[in-house]
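Undergrad: So that we are looking at the same thing, I have put the structure below in structure tokens.
Just so it is clear, none of the values below were taken in a lab; they were calculated from the coordinates. No experiment lies behind these values; they were computed from the predicted model shown. Here Cβ is always computed from backbone atoms with ideal geometry, including for glycine, and neighbour counts include all displayed protein chains.
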Amino acid sequence: MTIRVMLVDDQVLLRTGFRMVLAAQPDMEVVAEAGDGVEAIQVLRSAAVDVVLMDVRMPKLDGVEATRRICAEPDAPKVLILTTFDLDEYAFSGLKAGASGFMLKDVPPGDLLAAIRAVHSGDAVVAPSTTRRLLDRFAPMLPSAGKNSQHKELERLTEREREVMMLVAQGLSNGEIAARLVLSEATVKTHVGRILTKLGLRDRVQVVVLAYETGLVRAGGHG
């Protein structure tokens, strides 16, 4: 199956570079491009797209608001936010808006391709090192919530599920969580699936966002 990708960035040179990288892949095709959020939304009305690579800072309509509007539509494509380290808060806002992940613009081509494939398959791209750095830096700006003032939805989780959720929020993969809790990777995957179902979340990115917003995990990666 060919992954249909849309590039949204106001810098033509960057779009050209990404297009060249993607064009060399047998399972990817760049089917649409846009130079700002407004154009992206317009193009998506007539283009069949699986994954959108979305820049954050653009004229007319930024990537965060464009992501919010795109993800609010039925059968919306997956959105992968592209950002720089200096724009961490924008990346986090993009995740809250519905993006399935974020990558830094200087990511190695191989990592970008892997991220696109992961997002297309329904997973979320939350690279551990980037996640910890971004969220540890931005989490203090979120509304604080103490351990005794968790959102009621978290009460639906078992103690083990809360434990798994905390580790997901710290950016650990299923394999790393399995090693930490001495469980099989399949069992961890089952726990993650139950967490998503019970909390009505789409993917691991939303788990991370909710964990930080509710105070289950705070700056520094500790619960």
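Undergrad: I need to check one value: relative contact order of segment 1-66, counting alpha carbon pairs closer than 8 Å and at least 6 residues apart, in percent.
TA: Averaging sequence separation for qualifying contacts and normalising by length gives 40 percent for segment 1-66.
Undergrad: Which parts of segment 98-115 would a label at GLN25 reach, counting a residue when its backbone N lies under 19 Å from a point 7 Å out along Cα-to-Cβ?
TA: 99-115
Undergrad: Can you compute the charge dipole magnitude of segment 3-125 about its Cα centre, using +1 on each Lys and Arg Cβ and -1 on each Asp and Glu Cβ, nothing else charged? Give it in debye, rounded to the nearest 20.
TA: 200
Undergrad: List every residue whose amide H lies under 5 Å from the amide H of GLU33, counting only residues 5 or more places away in sequence or on a different chain, with H placed 1.01 Å from N in the peptide plane.
TA: Here LEU7 satisfy the definition.
Undergrad: Shape verdict for segment 144-213, please, from the Cα gyration tensor: rounded (a/c under 1.5), prolate (a/b greater than b/c) or oblate.
TA: Here segment 144-213 falls in the prolate category.
Undergrad: Moving on to the next point. Hey, got the dipole for segment 144-213? About the Cα centre, +1 on K and R Cβ, -1 on D and E Cβ, debye to the nearest 20?
TA: Roughly 120 debye, rounded to the nearest 20.
Undergrad: Ok, one more. Can you list the residues, at least 5 places off or on another chain, whose amide H is less than 5 Å from the amide H of LEU104, using H built in the peptide plane?
TA: THR83
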